[in-house]
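The values are calculated or read from the model by the stated rules, or taken from the named source; none is laboratory data. Given the structure is predicted, the values throughout are model-derived calculations rather than measurements. Reconstructed Cβ throughout: ideal geometry from the backbone, glycine too, with neighbour counts over all protein chains shown. Note: areas computed on protein heavy atoms with side chains; ligands, DNA, RNA excluded. Shrake-Rupley method; radii C 1.70, N 1.55, O 1.52, S 1.80 Å.
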Amino acid sequence: MAVIKAEADSGTATARAADGRSPFVRLAELLADSKPGKSPINLAVGEPQHPIPPFVGPVIAAHLPEFGRYPAGKGTDRFRRAAAEWLSRRYRLERSPDPEREIVVLSGTREGLFLAAIAAKRWTKPRRNSAILIPNPFYAAYAAGALAADCEPIFLAATAQTGFLPNLASLSEDLLARTVAFYLASPANPQGSVADLEYLRRLAGLAQKFGFLVFADECYSEIYTRDPPAGMLEAAPGDFANVVVFHSLSKRSNLPGLRVGFAAGDGGFLASYTDLRNVTAPQVPVPAQEVAIAAYADEAHVEANRRLYAAKFDLADQIIGNRYGYRRPAGGFFLWLDVKTHGGSEPAALRLWREAGLRVLPGRYIAREAGGRNPGADYIRIAMVQDRETAAEALHRLVAVLG
């Protein structure tokens with residue numbers, strides 16, 4: 001497979017501007033002049049709807065006075081120790097990350113992933129025409145970070161032909177030599193693909209050889225079908241050279257509104273990264289960090305959460321079957337459905353809204369045209385975040401409309 005480069009000068013200015021906007025803004029515009037055919041069900045946004053853990057309220061109440069103080073930028077000692085201990089329990093690491101040097105609290109991972117690109121441009125050795133490599137489709141913060149860092153975003157097709165992961169063998173040495181950072185989501189959003197440890201080791205090896213950073217978005221790591229996904233820290237044992245992982249409580253613990261996550265990995269990079277965050281990013285309130293400490297110490301609510309998602313994927317197996325190229329994803333909570341026989345992502349999304357009241361996200365909006373095609377153009381993304389009964393109703397409606 002040839003290296004896929006970002007579209008540089010083709011298409012209209014309007015199309016390029018639209019590509020950089022929020023996919024949800026674009027969806028709102030697509031549906032603006034149409035009424036839902038049935039009572040609306042929102043399957044577009046990956047916002048968990050399962051109950052929040054019962055300990056959240058009591059922990060916040062016990063730490064209310066801490067809202068009266070500015071929190072430390074890199075996080076409390078207690079939080080960083082809790083994150084390091086959780087990583088050591090969850091992954092097969094040669095050693096636990098150093099809470100002082102190798103863990104940084106984040107106000108959710110979106111700001112962390114965005115700022116990482118800017119920090120990477122500063123931290124890596126100067127190179128001409130700096131590039132940041134991004135799986136295509138992708139989470140919007142990756143491309144936003146690349147542009148803010150004044151780097152060329154290179155969109156790497158992650159399609160069925162490549163196992164829905166970027167093809168590492170396709171990357172030329174010339175491209176790798178000018179690469180500043182490589183974003184990877186495993187489990188992937190939206191396809192649910194999971195990179196095995198061999199893949200991660202190969203990527204870490206490339207990063208160390210060519211001097212770029214791997215930013216591993218592991219926000220969906222605790223929602224999986226069979227085996228726990230491998231982690232990027234496992235692929236770079238010892239000093240975690242050139243790799244940084246990003247974790248969040250949004251999906252793991254159904255706490256998207258808490259806005260707490262962390263970055264862990266290469267201590268040299270994280271020192272520079274922390275300096276940047278100290279003057280640009282929001283601090284994380286101590287009561288929120290205390291909730292996170294409790295969440296990382298408890299696996300019961302995470303296991304219950306996985307069972308809820310598994311029950312909904314059982315429904316998808318039964319109701320969708322082999323339609324739309326469906327396959328049960330290895331991780332995450334999205335369906336990535338092929339609707340090319342229904343006109344592609346936007347016509348299918350519009351029809352599902354008009355006829356079934358289903359709000360789904362066109363795959364075109366979370367991918368970029370590169371190499372003459374948009375790998376999301378024939379797909380819709382469905383977030384399986386509603387309760388089981390609502391999910392069943394939505395899937396039946398979808399099949400009734402699309403056949």
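Every residue, every condition in (1) part of a helix (DSSP H, G or I); (2) in contact with a Pro (Cβ under 8 Å, 6 or more places away or on another chain); (3) without any contact (Cβ under 8 Å) to a residue 40 or more places away in the chain; (4) under 21 Å from Lys38 (Cα atoms), yes or no:
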| site | (1), (2), (3), (4) |
| --- | --- |
| Thr341 | yes, no, yes, no |
| Pro347 | yes, no, yes, yes |
| Gly376 | no, yes, no, no |
| Ile382 | no, no, no, yes |
| Val385 | no, yes, no, yes |
| Glu389 | yes, no, yes, yes |
| Leu398 | yes, no, no, yes |
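For segment 33-72, residues that are closer than 30 Å to Gly357 by Cα, open to solvent by 60 Å² or more (accessible area, probe 1.4 Å) and of a type in the set (Gly, Ala, Ser) total 1.
I'm checking my understanding of the structure. Among residues of segment 174-216 that are open to solvent by 10 Å² or more (accessible area, probe 1.4 Å) and of a type in the set (Phe, Trp, Tyr), which one is nearest to Arg92 (Cα to Cα)? Top of the filtered list is Tyr199.
Are there any pairs, at least 6 apart or on different chains, whose C-beta atoms fall under 7 Å, with the first in segment 159-181 and within 29 Å of Lys125 (Cβ to Cβ) and the second of a type in the set (Phe, Trp, Tyr), and if so, which? Here the result reads Leu165/Tyr199; Leu176/Phe210; Ala177/Phe210; Thr179/Phe210; Thr179/Phe212; Val180/Phe212; Ala181/Phe212; Ala181/Phe215, each pair linking segment 159-181 to a residue that is of a type in the set (Phe, Trp, Tyr). The single condition among (1) under 21 Å from the mean Cα position of the chain (by Cα); (2) free of Cβ contacts under 8 Å to residues at least 24 places away in the same chain that Gly145 does not meet is (2). Scanning segment 85-98 for residues that are open to solvent by less than 40 Å² (accessible area, probe 1.4 Å) and either basic (Lys, Arg) or under 27 Å from Val180 (Cβ atoms) (or both) turns up Leu87, Tyr91, Leu93, Pro97.
Scanning segment 1-32 for residues that are charged (D, E, K, R), at pLDDT 95 or above and open to solvent by less than 50 Å² (accessible area, probe 1.4 Å) yields a single hit, Arg26. Taking the criterion of being over 15 Å from the mean Cα position of the chain (by Cα) and open to solvent by less than 30 Å² (accessible area, probe 1.4 Å), the residues of segment 239-252 that qualify are Phe240, Ala241, Asn242, Val243. Taking the conditions (1) surrounded by fewer than 20 Cβ atoms within 10 Å (Cβ to Cβ); (2) farther than 24 Å from Tyr220 by Cα in turn, Val339 satisfies each one other than (1). As for segment 325-332, it holds no residue that is crowded, with 24+ Cβ neighbours inside 10 Å and either more than 23 Å from the chain's Cα centre (by Cα) or among the aromatic types (Phe, Trp, Tyr) (or both). For the criterion of being touching a residue at least 24 places away in the same chain (Cβ under 8 Å), open to solvent by 10 Å² or more (accessible area, probe 1.4 Å) and of a type in the set (S, T, N, Q), Ser107 passes. Looking at the structure I just gave you, is Gly211 free of Cβ contacts under 8 Å to residues at least 12 places away in the same chain and either touching a helix residue (DSSP H, G or I) at 6+ places or on another chain (Cβ under 9 Å) or over 20 Å from Gly112 (Cα atoms) (or both)? Spelling it out, it is not the case that Gly211 is free of Cβ contacts under 8 Å to residues at least 12 places away in the same chain and either touching a helix residue (DSSP H, G or I) at 6+ places or on another chain (Cβ under 9 Å) or over 20 Å from Gly112 (Cα atoms) (or both).
Among the conditions (1) in contact with a Gly (Cβ under 9 Å, 6 or more places away or on another chain); (2) among the hydrophobic types (A, V, I, L, M, F, W, C); (3) assigned to a loop (DSSP other than H, G, I, E, B); (4) open to solvent by less than 30 Å² (accessible area, probe 1.4 Å), the only one that Ala230 does not satisfy is (1). When the residues of segment 284-324 are narrowed to those that are among the polar types (S, T, N, Q) and open to solvent by 30 Å² or more (accessible area, probe 1.4 Å), which ends up farthest from Pro54 (Cα to Cα)? Only one residue tops the list, namely Asn322.
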